[in-house]
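First up is the structure itself, then whatever we jot down about it.
The values are calculated or read from the model by the stated rules, or taken from the named source; none is laboratory data. Just so you know, these numbers come straight off a predicted model, no measurement behind them. Quick reminder, even Gly has a Cβ in these numbers, built from the backbone with ideal geometry, and neighbours come from all protein chains shown.
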Amino acid sequence: MPWKFILFKQSSKRDKSENHTDPCKESVSKARQMEDKYESFMNASPAEQEKMFAEHKATSPRDKFDLYPDWESINKKFATSSRPPMNLYSMMAAAAMIGILLALAYLFFTGHKLKEPTQGIARAKGPELILSNGSVIDLDNIPNGAFTAKGIHYTKTDTSLMCRLLEPYQVAIPDTHKLTVPSGRRYQVTLADGSIILLNASSQLHFPVQFSTNERWVYMQGEAFFKVNADRVKPFFVNVNNEVYTIATGTAFNIRAYEGTEHIKATLIEGHLSVKVYRSSKSTTLQAGQQVNYKDGKFVSPDHLDLNQVIAWKKDIFHFNNSSIDEIMEEIGRWYNVKIQYEGKKPCTYLYAVLDRSMSLEAIIETMSLIQVHLRLEGDTLIVSSL
C-alpha cells in the first residue's frame with residue numbers, strides 16, 4: 001500500500017520531556033496510541049500493513065474520529081483569569097501539537113489523498129558518469145544493459161551501475177571516473193572490488209578503474225552509504241571533502257558531508273571504522289551504532305542517535321526527528337531542486353515527521369501548512385514564512 005506521510009509532531013523547542021497537564025491527558029493517550037500504531041506499521045510486512053490499514057479504516061470512520069483536544073475544558077478552567085499563567089502557553093502548544101499529530105495520523109490511516117500537483121518543478125539532469133578524459137555519459141539517456149568505457153565493463157539499470165575490469169591495468173596510476181547524482185535522485189554503484197556505494201541526491205563519487213595492490217581509495221562529497229567488501233590486507237579509504245578520511249576493511253557506514261554545511265557526519269552501522277583528520281593527529285574510532293560529527297576542528301558524538309533517521313534516505317524517506325525548520329528546508333530544497341528563502345520572521349519550531357520522498361512538492365507545501373508553516377513557490381525559489 002503506497003503511503004505519503006505517517007506522522008507529524010510540532011514543538012516550540014527541542015524538548016522531549018513527557019510533562020503534560022491534566023486537560024490534555026486523554027489526547028496525549030491518543031497521540032501515544034498513534035505513535036504505537038506508526039511503529040507497528042513501519043515494522044510490519046506489506047501484507048500486515050494492508051491488514052492494519054483495513055482494520056483501522058473499518059473501526060475509525062471519519063465522522064467519529066476525534067482529531068482535536070478538548071479546547072472547551074481548557075477555556076473554562078482559565079476563564080476567570082484576565083491573563084493566563086505561563087504554563088497555559090505550554091499547555092496550548094502541547095494541545096496544538098497533539099491535534100496536528102492526530103489529524104495527520106488520521107490522514108494516513110484513512111488513506112486521504114493530497115491534491116495532485118498542477119505544475120511540476122524542473123528537475124536537474126540525470127546521473128552522469130564522467131570519464132577521466134572528460135567525456136560525459138548521461139546515464140538516463142543510454143539503454144539499460146552492458147556498455148564499455150575506458151577499460152571498464154559497466155552493467156546499468158535505472159538506479160544502479162556495476163563496474164568490472166576487462167583486464168588489469170598496466171599503469172602506475174589508474175584512471176579515475178566520477179559519478180554525479182542530481183537533486184531528487186539516488187544512485188548505486190558497485191565497484192570493481194565488489195564494494196557497494198549508494199549515493200544520495202546532490203552527491204558525487206570519484207573512484208579509480210582499478211585499486212592499487214595495497215589500499216583502496218575513493219573521494220566523495222554529499223551523502224553516501226558504503227557496504228565495503230571485506231579485505232583485511234587492502235583497507236578501504238574514503239576521502240571526505242579533503243577534510244577527513246575514513247578507514248575500513250569490511251563494514252557498512254553512512255557519511256554525510258554536503259558542501260556548505262557546517263559539519264561532517266560518519267555513522268557506523270556494522271563493523272569497524274576509523275575517522276582521521278588530514279594533516280593532523282586527530283582521529284577517532286567508531287563501534288557499530290555510533291556516530292561522530294566533525295565540526296570546527298573537533299570530533300563530537302551525539303547524546304542520542306536514531307539509526308533509522310540516519311539511513312531513512314536509502315528507502316526514499318524524509319525522517320525528521322525534532323528537526324529545526326532550517327534542517328527540514330535544507331532537505332526539501334536539495335531534493336526538489338529549489339532555493340530556500342525566508343520571508344518575515346522565521347518559523348521557530350522543531351518537528352518530527354516521516355514523509356515519502358515521492359510526494360510532490362505541492363503535497364509537501366500542503367502538509368507543512370497544517371503545522372502553521374507557509375510555503376510559496378515562486379519560480380525555482382520556495383518562500384518560507386509563518387502562517
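Residue-by-condition table, conditions (1) touching a strand residue (DSSP E or B) at 6+ places or on another chain (Cβ under 8 Å); (2) assigned to a loop (DSSP other than H, G, I, E, B); (3) surrounded by fewer than 13 Cβ atoms within 10 Å (Cβ to Cβ); (4) polar (S, T, N, Q):
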site: D231; (1), (2), (3), (4): yes, yes, no, no
site: T246; (1), (2), (3), (4): yes, no, no, yes
site: F253; (1), (2), (3), (4): yes, no, no, no
site: L268; (1), (2), (3), (4): yes, no, no, no
site: S274; (1), (2), (3), (4): yes, no, no, yes
site: T284; (1), (2), (3), (4): yes, no, no, yes
site: Y294; (1), (2), (3), (4): yes, no, no, no
site: P302; (1), (2), (3), (4): yes, yes, yes, no
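Among Y350, Y336, which is farther than 28 Å from V189 by Cβ and either of a type in the set (S, T, N, Q) or outside the structural domain of H263 (by TED's automatic domain parsing) (or both)? Walk me through how you get there before you give the answer.
Details: Y336 fails: farther than 28 Å from V189 by Cβ.
After applying the criteria, what remains is Y350.
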Selection count, segment 185-219, where residues are more than 16 Å from M162 (Cα to Cα) and surrounded by fewer than 17 Cβ atoms within 10 Å (Cβ to Cβ): 5
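Any residue that is free of Cβ contacts under 8 Å to residues at least 60 places away in the same chain, out of contact with any Pro (no Cβ under 6 Å at 6 or more places or on another chain) and farther than 21 Å from S360 by Cα - is there at least one of those in segment 310-318?
Here is the first cut: in segment 310-318, the residues free of Cβ contacts under 8 Å to residues at least 60 places away in the same chain are 310, 312, 315, 317-318.
Keeping just the survivors that are out of contact with any Pro (no Cβ under 6 Å at 6 or more places or on another chain) gives 310, 312, 315, 317-318.
Add one more test, that the residue is farther than 21 Å from S360 by Cα, and what stays is 310.
So far as segment 310-318 goes, yes, one or more of its residues are free of Cβ contacts under 8 Å to residues at least 60 places away in the same chain, out of contact with any Pro (no Cβ under 6 Å at 6 or more places or on another chain) and farther than 21 Å from S360 by Cα.
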Residue pairs within 6 Å by beta carbon, gap of at least six or interchain, first lying in segment 140-154 and not assigned by TED's automatic domain parsing to the domain that holds P182 and in a strand (DSSP E or B), second exposed (fewer than 14 other Cβ atoms within 10 Å of the Cβ) and of a type in the set (K, R), listed first then second, are none
Checked A192, A288, A201 against criteria (under 27 Å from D326 (Cα atoms) and either assigned to a loop (DSSP other than H, G, I, E, B) or modelled with pLDDT under 90 (or both)); the one match is A201
Filtering segment 233-244 down to residues that are at negative phi and not in a strand (DSSP E or B), which residue is surrounded by the most Cβ atoms within 10 Å (Cβ to Cβ)? P235
